[in-house]
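First up is the structure itself, then whatever we jot down about it.
The values are calculated or read from the model by the stated rules, or taken from the named source; none is laboratory data. Quick caveat, the model's predicted, so the values are computed rather than measured. Don't worry about glycine lacking a Cβ; one is built from the backbone with ideal geometry, like all the others, and counts go over all protein chains shown.
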């Protein structure tokens, strides 16, 4: 299946405020937020010009704008960009953002080469590119300065399979065992092999696939992390843990620490790679 920008555009144009609330409404979202936030604050520098791609509703926009000198915000969804603007106004951060753009990350011709010190592309934007993953990386590296930092997040296939196993079994009953074998072998939900009603057509990735993808580019991998590791405990266990503030604080600290350990990379809900563009 080829990349079709209308699929993510339509999905997030009709997503309402869920992209804002999903990282705070439950323990699962909160864990994802804290791991990503930890990485952002360690790699974004106060004099950086930053481009946030796939910014969505602005859950991370509100943080990134406080970390850097200049922030440009982009998303493929008109609705998400307008929602992002409204949130930044509500938080008195709107005037601190240089520009907002509705754009497809495969076509960022509005930006000159080497325009940004840091590019943030988290939340699984890359998963929607399917056969255009390399084109997406190439375009981001084009607008990134030499020695600039690229932070890329992807939906983890193995972690998601563990978390959503009941859902995979349900879909097996709908589409058959061959479709299930297809998604386990490739990580790809596509219209031909895995026609989910939501039309959520993506390539959920393994760390080995991320490694292979980035090996073709002039970059140095600075850090790899999972996110949502404790999500595998289940929603009920997480909500029980959240009721004890002292315990939950410890869980967040250990989530951040454990997601950096060898052997946990594919076990969380997200994969995060921090890359430096070679000079």
query = List pairs: first in the range 136-160 and without any contact (Cβ under 8 Å) to a residue 40 or more places away in the chain, second surrounded by fewer than 23 Cβ atoms within 10 Å (Cβ to Cβ), Cβ under 7 Å, 6+ apart or cross-chain?
reply = 136/106; 136/129; 139/106; 139/108; 142/113
request  = Return only the number of the condition from (1) in contact with a strand residue (DSSP E or B) (Cβ under 9 Å, 6 or more places away or on another chain); (2) at pLDDT 95 or above that residue 231 does not satisfy.
outcome  = (1)
task = Could you give me the residue pairs with C-beta distances under 8 Å whose first residue belongs to the range 39-61 and is on the phi > 0 side of the Ramachandran plot and crowded, with 20+ Cβ neighbours inside 10 Å, whose second residue is in a loop (DSSP other than H, G, I, E, B) and modelled with pLDDT of 95 or more wherever it lies, and which are 6+ apart or on separate chains?
result = 54/76; 54/105; 54/122; 56/77
task = Starting from residues that are on the phi > 0 side of the Ramachandran plot and either modelled with pLDDT under 95 or out of contact with any strand residue (DSSP E or B) (no Cβ under 6 Å at 6 or more places or on another chain) (or both), keep the ones in the range 91-124 and report whichever is surrounded by the most Cβ atoms within 10 Å (Cβ to Cβ).
result = 123
request  = Scan the range 1-18 residue by residue and report those that are in contact with a helix residue (DSSP H, G or I) (Cβ under 6 Å, 6 or more places away or on another chain) and surrounded by 18 or more Cβ atoms within 10 Å (Cβ to Cβ).
outcome  = 3, 8, 12
request  = Collect the residues in the range 225-234 that are surrounded by fewer than 18 Cβ atoms within 10 Å (Cβ to Cβ) and either touching a helix residue (DSSP H, G or I) at 6+ places or on another chain (Cβ under 7 Å) or in contact (Cβ under 8 Å) with a residue 24 or more places away in the chain (or both), keeping them in residue-number order.
outcome  = 232
query = Does any residue of the range 200-213 turn out to be in contact (Cβ under 8 Å) with a residue 24 or more places away in the chain and more than 22 Å from residue 126 (Cβ to Cβ)?
reply = no
ask   = Assuming residue 252 fulfils every condition listed in (1) touching a strand residue (DSSP E or B) at 6+ places or on another chain (Cβ under 7 Å); (2) surrounded by 15 or more Cβ atoms within 10 Å (Cβ to Cβ); (3) closer than 27 Å to residue 46 by Cα apart from one, which condition is it?
value = (1)
key: Candidate set: the range 19-38, residues that are buried (at least 17 other Cβ atoms within 10 Å of the Cβ) and either out of contact with any helix residue (DSSP H, G or I) (no Cβ under 7 Å at 6 or more places or on another chain) or under 15 Å from residue 81 (Cα atoms) (or both); chosen: the one modelled with the lowest pLDDT   = 19
inquiry  = Step by step: first the residues of the range 199-224, then only those that are surrounded by fewer than 17 Cβ atoms within 10 Å (Cβ to Cβ) and touching a helix residue (DSSP H, G or I) at 6+ places or on another chain (Cβ under 8 Å), then the one that is nearest to residue 38 (Cα to Cα). Which residue is that?
reply    = 223
